[in-house]
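Enquirer: The structure is given below, and queries will be raised subsequently.
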Amino acid sequence: MGSSNRPYWRELHASFSLEIEQRAEIQAKGVKPAGLNLIDVRCVDLHLTENCKAHNTNLFEQTTGPLRRLIIRRGQSFDLTLHLSRRYDEKVDALAFDFSFGEKPSVETMTKRIVPIGGLDDELSQKWGAKLVMTDHNSIVVRVQPGASTAVGEWRMSILAGKRVNDWCQNFYLTYVHPEFIFILFNPWCKNDTVYLNDEALLQEYVLNDQGAVFQSSNKEQYQAVPWNYGQFEDVALYSALIALRQNDHLTDRERSDPVLIARRLTHAINDKVLWGRWSEPYTGGTEPWRWTGTPGILEKYLSNPEKAAKFGQCWVFSAVFVTLCRTLGLPCRSVTNIRSAHDTDRTLTIDRVYVRNERTKKFEPAKGCDDSIWNFHVWNEVWMKRNDLAQGYDGWQACDATPQEMSEGVAQCGPMPVEALRKGEVNVGYDGWFIFGETNADVVSWYYVSDRSVPDGRRLLRTEIDTSDVGRAMLTSSVQDSFFAENITDSYKPKEGTQEEREQVRHAIRSGVAEDRSDVLSLFNLHRVVEIKDVEFEMSDLDAVTIGEDIVSKLVLRNTSEETRTARIQLEVNVMQYTGKIDSTIFELFDELSIKPNTAETFGIKVDAKEYSERIGEHSQMCVTAFVHVIETDQIFNAKDVFQVIKPQLIITLADSKITLNEAATVIVQLVNPYGHQSLTNCNLYLEGAGIARQLAVEIPRVLEAGKTLTIEQVVFPRRPGKRRVLAAFNSDQLSNVRGVLKIDVSG
């Protein structure tokens, strides 16, 4: 962090903290020249209610309550009433606004704007301007318009007064300094703004909706909508976004007008300053990622000490925080869940899986040292903007990823990358196209080795296989009609899997030059391709989901279609896994060798009792059945993994009273049935949250919930915002975690 930038963001942090704590602001005064009878500005009426409603910022917490702040959007005019020391004479008096931004504002960097009254001829203009609307005794109403490319953030406003002489203004002096910041945001309602989005339904969902869901899944048929309180209108959201951007040495004040650079820098700021990522135990000293129910609680911890990130996050938490900070700044944003998401570390656009046969056990085992991986799901984001920095055809949704994975330009940042470019395989377009493309459409190449002392490295390549359809099975985002319903947007990232168009997309990406080593990989692959004999057919159960408390039942059928006996070595496992694809524990394991007579079939049945797995499932409750079969006579290999979801119970949330009134006590009732008939739940805890209802609230509940029993708890909340709201709840225990529930309510008043 540069020392020159540190004092200013600290100053901002101190100022914002004072506002949150409702401390007084100090107004600066100008020095008036003597003997000129110059006009003075005594005070300014910001027309907060009218302006904020017109600018779609009236939901911000800063615009209501005792410390009200003006929040406006660039490219759109707003009215101010100036109360003066005497009646305003337009022919004699000259008034001008002085807007300044950042630590060292200047006209050259467009962070200082002198805006004379009378300089706004066209409200459709993209430029700064101000005009007189009306005069009333010692007051005037002035209409001010910030330019459509204004830097986004906290602006200072002063007013200069002087004499008008033959259309020239003389003797300007500082007559008024506004004591608080005026916040200027992106304006997706403004045609001249590069984030303009001409669809009111999309604006309501991707800018104004402060509650929704992030999707988690192991397959495209079965997904879990995790309720989330984005809370972009809470006071901590806007302040956190501005402090995080100020902490970023790679973003100048002038660049704060560019949504491309702001989105890019935010991906880094979130994982570097706001939230600390961790994917394994221990989580001591922080909050486990799955215990968060919304962004405001994370940002409160961050703002309490911006030099120490909140702990801890994983991909869906990073994505949710990114949504909050983008929407609070006015950037249309949504989360995107990629099912079967690849992490290609060597830019080959392949995910290499290497298996080596253990000559002692005769089992094929994954080789160590391979960094490529496939996550069951990964969550990133899209932001909507025009890409003036690129050729035509790349406007619209741009993929961004705040989860720290690969370094880009020396830091952990990713995007924005045009989704349209990804679909065409144009991965050289800015930014980080190779990595995001690999996440969605890398090919999986499997290499099977056996020990052989006659070759230099002691192992001989037995077989190679390629799977072109495993990665990027589906991309899901919140539907505009219902945030808790997933919309499949896979087609915007790639053509239908297996089609000629989809294969051409991959070839185009390879030809772009980023996959430098892929030709070497595939030439080695093709060198070892042999005429394969595949006369044993395999059929494996496909489990989408199992409800917790039910037994896991699966089977593998081997059918010998040849006229000769086949010998098969079979490895079967049932595992509990993390969403990153890593195995947590093995519940069931079988290794066998059998002979299959000509034109006959053998079936292996798998059954795992509920009590054997229920206590071991993790926070994402994902499991897999893995089958690995090696046919000795032909070296035919069958390697399959069936990933499925264990469905947990949901929290049932109701209201004690059907009518909910603004700022009045309301009783929320939460119920949960322990699904285990044999096991008590220990170390139980419950959190409640809702935008405009409550920030993450720890509810006092019994620490133990006995087997088969029902937990019923009541909690009083005080709704702070009218309209349609949602109450979110999350339950965790040692044996059962990440249990969620949501209730829609309508707050009157």
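Enquirer: Please work out which one of (1) under 30 Å from F16 (Cβ atoms); (2) of a type in the set (D, E, K, R); (3) modelled with pLDDT of 95 or more; (4) out of contact with any helix residue (DSSP H, G or I) (no Cβ under 9 Å at 6 or more places or on another chain) is the condition K127 fails and give its number.
Expert: All conditions pass for K127, except number (3).
Enquirer: Can you report the number of residues in the range 404-415 which are closer than 11 Å to E439 by Cβ and modelled with pLDDT of 95 or more?
Expert: Qualifying residue count for the region: 1.
Enquirer: Now a separate question. Please specify each residue of the range 405-424 satisfying the condition of being buried (at least 24 other Cβ atoms within 10 Å of the Cβ) and of a type outside the set (A, V, I, L, M).
Expert: Q413, C414, G415, P416, P418
Enquirer: Somewhere in the range 675-692, is a residue in contact with a strand residue (DSSP E or B) (Cβ under 6 Å, 6 or more places away or on another chain), farther than 27 Å from S621 by Cβ and either at pLDDT below 90 or assigned by TED's automatic domain parsing to the domain that holds D609 (or both)?
Expert: Yes, that holds for at least one residue.
Enquirer: In the range 148-191, how many residues are among the hydroxyl-bearing types (S, T, Y), part of a loop (DSSP other than H, G, I, E, B) and surrounded by 22 or more Cβ atoms within 10 Å (Cβ to Cβ)?
Expert: 1
Enquirer: Would you confirm, using the coordinates I've provided, whether A225 is assigned by TED's automatic domain parsing to the domain that holds N381, surrounded by fewer than 24 Cβ atoms within 10 Å (Cβ to Cβ) and on the phi < 0 side of the Ramachandran plot?
Expert: Considered against the rule, which asks whether it is assigned by TED's automatic domain parsing to the domain that holds N381, surrounded by fewer than 24 Cβ atoms within 10 Å (Cβ to Cβ) and on the phi < 0 side of the Ramachandran plot, A225 comes out as yes.
Enquirer: Here is a follow-up. Check E50, E61, E21 and return the single one that is closer than 27 Å to R327 by Cβ, at pLDDT below 95 and either surrounded by 12 or more Cβ atoms within 10 Å (Cβ to Cβ) or in contact with a strand residue (DSSP E or B) (Cβ under 7 Å, 6 or more places away or on another chain) (or both).
Expert: E61
Enquirer: OK, next. What about L736, is it more than 25 Å from the chain's Cα centre (by Cα), within 14 Å of L686 (Cβ to Cβ), of a type in the set (A, V, I, L, M) and not in a strand (DSSP E or B)?
Expert: Yes.
Enquirer: Here's something else I'd like to know. Having 2 or more residues that are at pLDDT 90 or above is the bar; report the helices (runs of 4 or more DSSP H) wholly within the range 471-549 that clear it.
Expert: Answer list for the range 471-549: 490-493, 500-511.
Enquirer: Here is a further query. Among (1) farther than 28 Å from L743 by Cβ; (2) surrounded by fewer than 20 Cβ atoms within 10 Å (Cβ to Cβ); (3) of a type in the set (G, A, S), there is one condition A627 misses while meeting the rest; what is its number?
Expert: Evaluating A627 over (1) farther than 28 Å from L743 by Cβ; (2) surrounded by fewer than 20 Cβ atoms within 10 Å (Cβ to Cβ); (3) of a type in the set (G, A, S) leaves (2) as the failure.
Enquirer: Ok, one more. Of all residues in the range 260-288, count the ones that are closer than 11 Å to P416 by Cβ and among the β-branched types (V, I, T).
Expert: Residues flagged as closer than 11 Å to P416 by Cβ and among the β-branched types (V, I, T) within the range 260-288 amount to 3.
Enquirer: Residue by residue through the range 556-582, note down the ones that are loosely packed, with under 14 Cβ neighbours inside 10 Å and at pLDDT below 95.
Expert: Passing the criteria: only K582.
Enquirer: Scan the range 662-673 and tell me whether some residue there is surrounded by 17 or more Cβ atoms within 10 Å (Cβ to Cβ) and in contact with a Phe, Trp or Tyr (Cβ under 6 Å, 6 or more places away or on another chain).
Expert: Yes, that holds for at least one residue.
Enquirer: Only one residue in G330, G297, G285 is surrounded by fewer than 24 Cβ atoms within 10 Å (Cβ to Cβ) and on the phi > 0 side of the Ramachandran plot. Which one?
Expert: G285 is the lone residue from the list that is surrounded by fewer than 24 Cβ atoms within 10 Å (Cβ to Cβ) and on the phi > 0 side of the Ramachandran plot.
Enquirer: Hey, among L251, L275, L203, which residue is farther than 27 Å from A729 by Cα and of a type in the set (A, V, I, L, M, F, W, C)?
Expert: Checking each option against the conditions leaves just L251.
Enquirer: Residues that are at pLDDT below 95 and out of contact with any His (no Cβ under 8 Å at 6 or more places or on another chain): find the strands (runs of 3 or more DSSP E) completely inside the range 619-666 holding 2 or more of those.
Expert: 622-631, 636-647
Enquirer: In addition: Restricting attention to the range 38-80, which residues are farther than 28 Å from D93 by Cβ, free of Cβ contacts under 8 Å to residues at least 24 places away in the same chain and not in a loop (DSSP other than H, G, I, E, B)?
Expert: T49, C52, K53, T63
Enquirer: Determine whether K582 is of a type in the set (K, R) and within 29 Å of N732 (Cα to Cα).
Expert: yes
Enquirer: Checking F604 against (1) part of a loop (DSSP other than H, G, I, E, B); (2) surrounded by 14 or more Cβ atoms within 10 Å (Cβ to Cβ), which single condition isn't satisfied?
Expert: F604 satisfies every listed condition except (1).
The values are calculated or read from the model by the stated rules, or taken from the named source; none is laboratory data. Keep in mind that this is a model prediction, so the values were computed, not measured. FYI the Cβ positions are ideal-geometry reconstructions off the backbone, even for glycines, and counts take in every protein chain you see.
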